[in-house]
Amino acid sequence: MKKVTINNITMPAIGIGTWNMGDVAVKRSAEIKAIQDEINAGARAIDTAEMYGNGRSERLVGEAIKPFDRHDLFLIDKVLPSNAGKAKLEHSLDQSLKAVGTDYFDLYLLHWRGSIPLAETVNELERVKKAGKIKAWGVSNFDVADMEELWKLQDGTNCVANEDLYNLDRRGIEYDLLPLMKQHQLPLIAYSPLAEADTLSGTLYTNPVIKEIAANHQVGVQQIMLAWVLRIENVLAIPKSGNPEHAMANFNAGEIDLSDDEILALQKEFPTPTKKEPLAVI
Ligand SMILES: NC(=O)c1ccc[n+]([C@@H]2O[C@H](COP(=O)([O-])OP(=O)(O)OC[C@H]3O[C@@H](n4cnc5c(N)ncnc54)[C@H](OP(=O)(O)O)[C@@H]3O)[C@@H](O)[C@H]2O)c1
């Protein structure tokens with residue numbers, strides 16, 4: 001199983017995304033089972049946010065993790081940019097902790113940049129960290145200029161991860177952001193690693209090269225897409241699945257090693273960008 005280390009905690013490099021979970025009542029029990037099966041298989045990281053279904057995802061995560069020892073998990077939550085200042089951040093965090101049913105998050109992310117000055121957000125994140133409500137903080141949807149601005153701020157280098165969109169068809173961050181993060185030893189949390197079931201580009205699930213590699217490994221195209229993300233070091237991929245069978249297949253993708261030839265074949269189909277691209281976001 002590929003591993004990632006965030007804030008000195010080493011865990012499987014496949015985590016659990018939860019956007020849209022808890023939104024549809026009839027899917028709820030399957031979604032809970034999907035999360036629990038993955039935890040039983042060894043998954044540790046779970047990614048949620050106050051934004052997801054206005055707390056529905058957080059509450060579903062809370063229900064799913066009840067039977068487990070909280071200390072075995074790595075819980076990631078995110079604050080909305082509009083709540084990321086002195087006036088609201090701690091209240092938002094308290095609401096999220098209550099919804100998930102825990103007294104701390106392992107990682108608390110600024111979901112994306114808004115109008116509140118970054119320095120104010122960092123001050124608040126440091127304050128709630130000292131209060132023990134979060135173990136560490138990070139950012140999401142940050143590009144090179146955002147990271148450079150952050151690192152210049154007091155305590156800005158305490159950021160422990162950046163969560164960005166990354167999959168075979170969205171490789172823009174490889175041009176400049178990923179090398180910079182590598183230089184600073186900042187882990188990537190790769191969101192939408194399955195391109196939202198290929199709805200972002202519509203070219204992946206039917207691609208003959210991906211299909212052939214999947215057939216060689218006797219897995220689905222989704223597992224090859226995840227294995228491809230995990231070919232780089234220090235990345236946590238957080239596919240979302242509310243289907244227990246899919247969820248287990250995704251977790252097991254952490255065991256797949258792609259050969260150099262397979263990586264080269266994928267490179268030919270989906271080349272690395274040769275110039276700066278705007279940061280891909282959802
Ligand atoms: N920080 C941010 O701004 C941000 C933005 C977007 C997402 N995220 C996080 O990243 C997570 C993942 O991204 P995402 O939810 O956008 O998309 P994703 O993980 O790329 O794709 C999820 C879709 O793929 C399907 N799927 C998953 N595994 C499958 C499998 N093995 N076989 C067939 N279909 C499969 C799911 O359907 P089933 O449920 O039916 O399996 C779902 O429709 C989110 O849940 C969220 O936690 C963060």
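Listing for the model above:
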| read-out | value |
| --- | --- |
| Equivalent ellipsoid, the range 121-184 (semi-axes from 5 times Cα gyration tensor eigenvalues, Å) | 25, 13, 9 |
| Accessible area of the range 147-280 divided out per residue, in Å², using a probe of 1.4 angstrom | 48 Å² |
| ³J(HN,Hα) computed for each position of the range 29-38 - Karplus, 6.51 cos²θ - 1.76 cosθ + 1.60, integer Hz, glycine/proline x | 5, 5, 5, 5, 4, 4, 5, 5, 4, 5 |
| Reachable lysines, given that their alpha-carbon falls under 18 Å from the alpha-carbon of residue 182 and they are not under 8 places away in the same chain | 2, 3, 152, 276 |
| Cα shape, the range 1-106, gyration tensor, a/c 1.5 rule | oblate |
| For the range 237-282 and the range 78-149, distance of Cα centres in Å | 28 Å |
| Equivalent ellipsoid dimensions for the range 110-252 as semi-axes, Å, which come from the Cα gyration tensor, largest first | 33, 16, 13 |
| Residues of type aspartates and glutamates that residue 33 reaches as a straight line, Cα spacing below 17 Å, ignoring anything fewer than 8 places off in the same chain | 23, 47, 58, 63, 69, 245 |
| Eligible lysines near residue 133 by straight Cα distance, threshold 17 Å, same-chain separation 8 or greater | 78, 86, 88, 98 |
| Measure of compaction for the range 48-165 (Cα Rg per 2.2 N^0.38 Å) | 1.01 |
| Accessible area of residue 29 in the full protein assembly, 1.4 Å probe (Å², nearest 10) | 90 Å² |
| Distance histogram in 5 Å bins (all Cα pairs of the range 201-245, percent per bin) | 5, 20, 25, 24, 22, 5 |
| Share antiparallel - DSSP beta bridges, the chain, percent rounded to 5 | 15 percent |
| Per-residue [θ]222 nm for the chain (sum of -39500 (n - 2.57) over DSSP H runs n ≥ 4, rounded to 500) | -11000 deg cm²/dmol |
| Extension reserve of the residue 148-residue 23 stretch, reckoned as 0.36 nm per residue once the Cα distance is removed | 41.3 nm |
| Intensity falloff of the chain expressed as log10 I(q)/I(0), Debye formula with alpha-carbon point scatterers, at q = 0.07, 0.09, 0.15 Å⁻¹ | -0.24, -0.40, -1.14 |
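The values are calculated or read from the model by the stated rules, or taken from the named source; none is laboratory data. Keep in mind that what you see is a predicted model, and the values were worked out from it rather than measured. Keep in mind that these areas ignore ligands, DNA and RNA; they rest on the heavy atoms of the full protein, side chains included. Shrake-Rupley method; radii C 1.70, N 1.55, O 1.52, S 1.80 Å.
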